[in-house]
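*Asks:* Provided herewith is a single structure, encoded as structure tokens, for subsequent inquiry.
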Amino acid sequence: MAVGGGAFVSPDVDEAMLRRLTSSNKLTVEAVVRPGATLQDGPARIVSFSTDGGSRNFTLAQQGDELVFRLRTPQTGVNGSNPETPLCSIPTGRYTHVLVTYSPGRLVCYSNGVKVIDTDRIQGVFRNWGPQHIVFGDEWRDDRDWDGVLEGIAVYSRVLDAPEARANYEAYRRIL
């Protein structure tokens, strides 16, 4: 999906996604991203399960040349930005396989199959999640356009471990 000044809304999955993720209290977001520009802010939304700039369940986004993650829990608030978690740098114009996992008290990110962050800064479960929309390349409302190419997107209601993250990266590397 090439997005820039536009977005893709995944139809008819919001309720099922909310139900599965809140029952497991676990999440993995996986995508292959190729930013079209370094100067993206807002941060620019790549994959967002949100309503607008102030209310989300989770968001994978780009701020400058860095990926950031916002996750809503009772401790992080309705915007999931207290704290916002910096994940890793991503080069403009090149594909990066990114996989972010969360289980209560542990957020892990893999970039191209290599663990780049493992933190306990985010705490809590998903009991305060509410109905939102899964959107690729922007917000449902508000302008947070991301300029780039996005593919291989998956959202799991479980945590993928290091061997799975590496295997998924290797599979995409062969394709790309």
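The values are calculated or read from the model by the stated rules, or taken from the named source; none is laboratory data. Only a predicted model underlies this, so the values are computations on that prediction, with no experimental measurement involved. Cβ placement follows ideal geometry from the backbone for every residue including glycine, while neighbour counts extend to all protein chains displayed. Protein only, heavy atoms only, side chains kept; ligands, DNA and RNA dropped before computing areas. Shrake-Rupley method; radii C 1.70, N 1.55, O 1.52, S 1.80 Å.
*Asks:* Read phi for every residue in region 81-88 and hand back ³J(HN,Hα) as whole Hz from Karplus 6.51 cos²θ - 1.76 cosθ + 1.60, θ = phi - 60°, with x for Gly and Pro.
*Replies:* In residue order, the calculated couplings are 10, 10, x, 7, 9, x, 9, 5 Hz.
*Asks:* Can I ask one more? Between rounded, prolate and oblate, where does region 1-57 land on the alpha carbon gyration tensor, with a ≥ b ≥ c its root eigenvalues, rounded for a/c under 1.5, else prolate if a/b exceeds b/c?
*Replies:* prolate
*Asks:* Residue by residue, what Karplus-based ³J(HN,Hα) values in Hz, rounded to whole numbers, does region 3-13 have, using 6.51, -1.76 and 1.60 with θ = phi - 60° and x for Gly and Pro?
*Replies:* My calculation for region 3-13 gives 10, x, x, x, 7, 10, 9, 7, x, 6, 10 Hz in order.
*Asks:* Could you identify which residue out of Val100, Val116, Val29 has the top mean-square fluctuation in a GNM of the chain using Cα springs shorter than 10 Å?
*Replies:* Comparing Val100, Val116, Val29 in a Gaussian network model of the chain, the most mobile one is Val116.
*Asks:* Under 1.5 on a/c is rounded, so check that first for region 39-173, then, if it is not, pick prolate when a/b is larger than b/c and oblate when it is not; a ≥ b ≥ c are the square roots of the alpha carbon gyration tensor eigenvalues. Please list the in-between numbers first.
*Replies:* Numbers: a/c = 1.64, a/b = 1.14, b/c = 1.45.
In terms of gyration-tensor shape, oblate.
*Asks:* Here's something else I'd like to know. Using only DSSP helix segments of four residues or longer, with each worth -39500 (n - 2.57), what per-residue ellipticity at 222 nm results for the chain after dividing by its residue count and rounding to 500?
*Replies:* Working: 2 runs with 25 residues, N = 176.
-4500 deg cm²/dmol, from helical runs alone.
*Asks:* Hey, how many Å between the Cα centroid of region 150-167 and the Cα centroid of region 84-100?
*Replies:* Comparing the Cα centres of region 150-167 and region 84-100, I get a distance of 14 Å.
*Asks:* Net charge within 14 Å of Tyr110 by Cβ-Cβ distance, Lys/Arg positive one each and Asp/Glu negative one each, not counting Tyr110 itself? Numbers along the way, then the final one.
*Replies:* Working: positive: Arg106, Lys115, Arg166, Arg173; negative: Glu30, Asp118, Asp161, Glu164, Glu170.
Computed value for this residue: -1.
*Asks:* Still on this structure: Pairs of Cα atoms under 8 Å, at least six residues apart: use those to get the relative contact order of region 48-117, whole percent.
*Replies:* Numbers: 125 pairs, mean separation 14.1, N = 70.
Relative contact order of region 48-117: 20 percent.
*Asks:* Here is a follow-up. Provide the per residue accessible area, probe 1.4 Å, for the chain, rounded to a whole number of square angstrom. Provide the component values of the computation, followed by the final result.
*Replies:* Working: 7710 Å² over 176 residues.
Result: 44 Å² per residue.
*Asks:* Which one, Ala162, Ser89, Ile122, projects farthest toward the positive side of the charge dipole computed for the chain from Cβ point charges (K/R +1, D/E -1)?
*Replies:* Ala162
*Asks:* For region 1-114, which whole percent of the accessible surface, found with a 1.4 angstrom probe, sits on carbon and sulfur atoms?
*Replies:* Working: 2020 of 4290 Å².
Of all accessible area on region 1-114, carbon and sulfur atoms account for 47 percent.
*Asks:* Continuing with the same structure: Using label points projected 7 Å from each Cα along Cα→Cβ, tell me how many nm separate Glu15 and Arg141, to one decimal.
*Replies:* Rounded to a tenth, the inter-label distance reads 2.1 nm.
*Asks:* With a sphere of radius 13 Å drawn around the Cβ of Val149, what net charge do the other residues whose Cβ falls strictly inside it have (Lys, Arg +1; Asp, Glu -1)?
*Replies:* Details: positive: Arg34, Arg94; negative: Asp147, Glu151.
Value of the local net charge: 0.
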